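The values are calculated or read from the model by the stated rules, or taken from the named source; none is laboratory data. Remember, it's a predicted structure, so these values are computed and weren't measured experimentally. Methodologically, a virtual Cβ is constructed for each residue, glycine included, from the backbone with ideal geometry; neighbour enumeration extends over all protein chains shown.
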Amino acid sequence: MSKFQFILLLLLFTSLFQVSNLRATPSDEDLKKGAEKFVAVVESKNIAALLDLFSEQGTVFMSATYALPKVDYSPAEIRKDFENKSGVYCVFFDTKCLREADSAERARQKARPIQIPLTSVVDLLATAKQRKFVTFGVSSKNGMVGLMLTDVPEPQARQGRDALVFYFRSEGGQMKLRNIEFQ
């Protein structure tokens, strides 16, 4: 192999590496499609498919609710909650369970009552007046999607009533839920 052929081959590998890195970065469209898929799976109540869409790094549940005893859940903990139909399962599928768990923990901690009643993700989606996916902050593997559920302008939209916010991470070619912000 000549020196020229070696340099040409080295340039080719470098170019291929750079192109593969560009493809690894999700686009706004990838992020939006990932959020749409996630929402469709929640609405279909396909538990097995939904469990596959949680990040392998775990998922953070950010809210003002007392229904969840902690913020950061591993995939195994999420599966356990789904099996027991408690905690994280209630956030997605059972408004009554979510409200009861929140109320019981608030009473135990002598905390003030919640101002806006909690509603599960599936019930929020069922009663949504609109659905508008807005993407933000797409980086090398992560991005945020705001799902507007009403026509309330974004700055005044309230989490868990007018909007949900999802943070996705690209893992194995799929957008997986890393964080969720709800009431």
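Some notes on this structure:
- PHE136, sole failed condition from (1) without any contact (Cβ under 8 Å) to a residue 24 or more places away in the chain; (2) touching a Phe, Trp or Tyr at 6+ places or on another chain (Cβ under 8 Å): (2)
- Count - residues of the stretch 107-156 that are assigned to a helix (DSSP H, G or I), modelled with pLDDT of 85 or more and closer than 28 Å to SER170 by Cα: 6
- Test: residue in the stretch 128-139 that is more than 15 Å from PRO69 (Cα to Cα) and out of contact with any strand residue (DSSP E or B) (no Cβ under 9 Å at 6 or more places or on another chain): yes
- Residues of the stretch 69-106 satisfying the condition of being surrounded by 20 or more Cβ atoms within 10 Å (Cβ to Cβ) and assigned to a loop (DSSP other than H, G, I, E, B): GLY87
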